[in-house]
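I have placed the structure first, in the form of structure tokens, so that the comments after it can refer back to it.
The values are calculated or read from the model by the stated rules, or taken from the named source; none is laboratory data. Predicted model only: the values in this text are computed from it and were never measured. With ideal geometry, Cβ positions are generated from the backbone for all residues, glycine too; neighbour counts draw on all protein chains shown.
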Amino acid sequence: MPDIKEKTEVAEQPAAAKKSLLPPNLAATLTKVAIFGLIGLVAVSAAYLLTLKVLKPMMASDAPTEQQAEPVKAEPVKEEKHEEASSGHGSGGEGEQAGTNQFFTVESIVVNPAETQGTRYLSCSVSFEVASPEDLKAFEEKAVKIKDLLITILSSKTVDELADIKVRNDMRRQILAVVNRFTTPAQATAVYLTDFVLQ
């Protein structure tokens, strides 16, 4: 009989060695902490991406867009001053008289800036200063095509380019050059952004 007891005692020792060093409640608690930590990490990452991709561009567009630099002026083609008064007609734009110069305005231009995949938009109006009633009439006759040129130019710009005042002045020069090439012999002497909302 003594031999049997010894075998029984030896068999009981490995069963005691299998016991976990951690209490069962502590293991469950550590598992829960790991799961909640992972959820917290995902939430922080999502908040970072939201800030980087959504809020930062929105705040950049709220930068001082109200500031307007000097209008871009073209080199005068003619030095003649016309004293005739003319009332402007609007077909897609409207003409206004101011002294000897007149204005042709293209209103309600709405475009999606480049690289925004349709998540942002620009709404603006562009006015062209012309020196004579004949030039104003030429602009009015080509109003639809001028608006198309403006949409093409504005939609090629990124949000950062549209928000930057220096780049916006370059854009005015580009608009003036392209439109004057298109409307030759009529010429605009300056370009004004009369309405500019970037969302």
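When residues in the range 182-196 are screened for being β-branched (Val, Ile, Thr), at pLDDT below 90 and in contact with a strand residue (DSSP E or B) (Cβ under 8 Å, 6 or more places away or on another chain), 1 of them pass.
When the criteria are applied in full, Gln199 meets the requirement of being within 30 Å of Leu50 (Cβ to Cβ), within 20 Å of the chain's Cα centre (by Cα) and surrounded by fewer than 20 Cβ atoms within 10 Å (Cβ to Cβ). Among the candidates Leu150, Leu162, Leu136, Leu154, the residue that is touching a Cys at 6+ places or on another chain (Cβ under 8 Å) and either within 30 Å of Lys53 (Cα to Cα) or of a type outside the set (Asp, Glu) (or both) is uniquely Leu154.
Restricting the range 95-126 to residues that are of a type in the set (D, E, K, R) and touching a strand residue (DSSP E or B) at 6+ places or on another chain (Cβ under 6 Å) leaves a set whose member that is modelled with the highest pLDDT is Glu107.
Listed by position, the helices (runs of 4 or more DSSP H) inside the range 93-193 whose residues that are within 16 Å of the chain's Cα centre (by Cα) number at least 3 are 143-155, 159-163, 165-183. One residue stands out in the range 151-196 among those that are in contact with a helix residue (DSSP H, G or I) (Cβ under 8 Å, 6 or more places away or on another chain) and among the charged types (D, E, K, R): the one that is surrounded by the fewest Cβ atoms within 10 Å (Cβ to Cβ), namely Asp160. Out of Glu134, Glu129, Glu140, which single residue is modelled with pLDDT of 90 or more, under 25 Å from Asn101 (Cα atoms) and surrounded by fewer than 16 Cβ atoms within 10 Å (Cβ to Cβ)? Just one listed residue meets the conditions, Glu134.
Show the residue pairs meeting these rules: Cβ distance below 7 Å; 6+ apart or different chains; first residue within the range 163-177 and in the same structural domain as Asp148 (by TED's automatic domain parsing); second residue charged (D, E, K, R) and in a helix (DSSP H, G or I). Hits for this filter: Val167/Glu161.
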